[in-house]
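Right, one structure below, let's go through it.
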Amino acid sequence: MKGEIFAVIGTPHSNCHSILAEVFTNEKTSEMPVFLANFKTDSKNIHQFSWNLINGRFEFQIREFPLSSEWYLFFSQNEEISSQIEGLIDLLDHNQELSLARIITFVDSDLLEQEPFFTWLDCAAHFSDAMCFCNRSNDNAKFIKNAIERYKLMHYPIETLIHGNKKKSSINRLLSNITLRISHVFDSPELLENDDSPESDPYLKRHNDGRRVRAVPYKFQQN
């Protein structure tokens, strides 16, 4: 694997895969992007392969990767974010010609009304360069505004975008390689302070018995 990889974190009903698939359906590119995801898309302009997380490592169900310079790794909604972040670190370590472009989180905005949801969302925001609030409506507009303000007050440099059901946003704006995430776990080890290492990251750090210091649930309560 070589080129740039985007990691995509998505809640249920955020439609992250169809939103991104539509980008490549409407645009002609010289190389088809590769979706590494455990779901199917109908787009003919995308290569797609599934994966399993085995012993902290992403294992892809493919004998040989196609030639591509753009990869999209869709995180599972049935695994904790932290374990998949560790898997992504391992993937980059074993593919020196592969670089991380961005981590993007897609959020079903109807979930923002649930206060416990922010335990999960704060974790996603910690690792993300950009966050897209999907399914915007009159009912959830104020909760989107509050969420955006939340991360401003936390001094997160994360980029935000609102994607409504009627008025579509420019998703292309999120697909840059400008790094904005607050976490330093993907920085070069030579540049890291001890407190910035993956082992010291608040969401990756473990107790001596292996349990996360800051465990984050990944089951979603639906309205």
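A few notes on this one:
- Accessible surface, per residue, of the stretch 22-174 when the full set of protein chains is kept, probe 1.4 Å, Å²: 52 Å²
- Close amide H contacts of Leu73 (hydrogens built in the peptide plane, cut-off under 5 Å, sequence separation of 5 or more or a different chain): Phe6, Ala7, Val8, Leu36.
- According to the Cα-based calculation, Rg over Rh for the stretch 1-89 is 0.94, with Rh computed by the Kirkwood formula.
- In the chain, taking the dipole from charged Cβ atoms about the Cα centre, the farthest positive-side position among Leu53, Phe6, Thr25 is held by Thr25.
- Around the amide H of His163, modelled in the peptide plane, lie the amide H atoms of Phe133, Cys134, Asn135, Arg136, all under 5 Å away and 5 or more residues distant in sequence or on another chain.
- Solvent-accessible surface of protein heavy atoms, probed at 1.4 angstrom with all chains present, puts Tyr72, Tyr218 in the order Tyr218, Tyr72, largest first.
- 3J(HN,Hα) from dihedral phi, the stretch 60-72, Karplus parametrisation 6.51/-1.76/1.60, rounded to Hz, x for glycine, proline: 9, 8, 7, 7, 9, 6, x, 6, 7, 10, 9, 10, 10
- Carbon/sulfur fraction of accessible area - the stretch 125-177, other protein chains in place, 1.4 Å, %: 50 percent
- Evaluated over the chain, the count of Lys pairs having alpha-carbon atoms less than 19 Å apart is 8 (only pairs 8 or more residues apart or interchain).
- Here the 3J(HN,Hα) profile of the stretch 102-114, calculated from phi with Karplus coefficients 6.51, -1.76 and 1.60 at θ = phi - 60°, is 8, 10, 10, 10, 10, 10, 6, 5, 5, 7, 5, 6, 8 Hz, Gly and Pro shown as x.
The values are calculated or read from the model by the stated rules, or taken from the named source; none is laboratory data. Quick caveat: nothing in here was measured; it's all calculated off a predicted structure. All Cβ positions, even for glycine, are placed from backbone atoms using ideal geometry, and neighbour counts span all protein chains on display. Areas reflect the complete protein model, heavy atoms only, side chains present, ligands, DNA and RNA absent. Shrake-Rupley method; radii C 1.70, N 1.55, O 1.52, S 1.80 Å.
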